[in-house]
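Computed from the coordinates by the stated procedures, all read-outs in this text should not be read as laboratory data. The structure displayed is predicted, hence computed values, not measured ones. Backbone-built Cβ (ideal geometry, glycine too); neighbour counts: all protein chains shown.
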Amino acid sequence: MEKIKQLIAAGQTDEAIRQLDAYIATHATADNAFYLRGNAYRKQGNMRQALNNYLAAMELNPDSPARIAHDQLIAILDFYNKDMYNQ
């Protein structure tokens, strides 16, 4: 997992997601892998996939750090001023 964290930090999110997909295929209850995959998707700007992975991590482990990441991402998404979209 440390190598995957380094890949995400270095911006190599496609490779991190590929490795996490393979890991999750054989370790379906690894909440940390879902959390990291959520982080990789968030870094790519894919908020929907990030939220889905955070939710999966939280289902497996209610005390996962994914809960904080999920709540923070929701707060960021709620912050946008919807009145400014068409300007």
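Rounded to the nearest 20 Debye, what is the dipole magnitude of the chain about its Cα centre when Lys and Arg each give +1 and Asp and Glu each give -1 at the C-beta?
The dipole of the chain has a size of about 180 debye.
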Original post:
Taking other Cβ within 10 Å of each residue's Cβ, how do Met47, Met58 sort, fewest first?
Top reply: Met47, Met58
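I need Arg18, Arg42 ordered by Cβ neighbour count within 10 Å, fewest first.
Working: Arg18 13, Arg42 21.
By the 10 Å Cβ count, ascending: Arg18, Arg42.
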**OP:** Per residue of segment 42-53, in order, report the coupling 6.51 cos²θ - 1.76 cosθ + 1.60 (Karplus, θ = phi - 60°) as ³J(HN,Hα) in whole Hz, putting x for Gly and Pro.
**Re:** 4, 5, 6, x, 8, 5, 4, 5, 4, 4, 4, 6
Subject >> Top of Asn61, Asn53, Asn32 by mean-square fluctuation, Gaussian network on the chain, Cα under 10 Å >> reply: Asn61
Original post:
Along the charge dipole of the chain, Cβ charges K/R +1 and D/E -1, which of Gln12, Pro62, Tyr41 sits furthest on the positive end?
Top reply: Gln12
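Can you give the direction-averaged projected area of the convex hull of the alpha-carbon atoms in the chain, in nm²?
Values: hull surface 24.8 nm².
Computing the convex hull of the Cα atoms and averaging its projections yields 6.2 nm².
Per DSSP H run of at least 4 residues, take -39500 (n - 2.57); add these up for the chain, divide by its residues and hand me the 222 nm value, nearest 500 deg cm²/dmol.
Values: 5 runs with 64 residues, N = 87.
Calculated mean residue ellipticity at 222 nm is -23000 deg cm²/dmol.
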**OP:** Would you mind telling me which residue in Ala66, Ala56, Ala28 has the biggest mean-square fluctuation in a Gaussian network model of the chain, where springs connect alpha carbons within a distance under 10 angstrom?
**Re:** Ala28
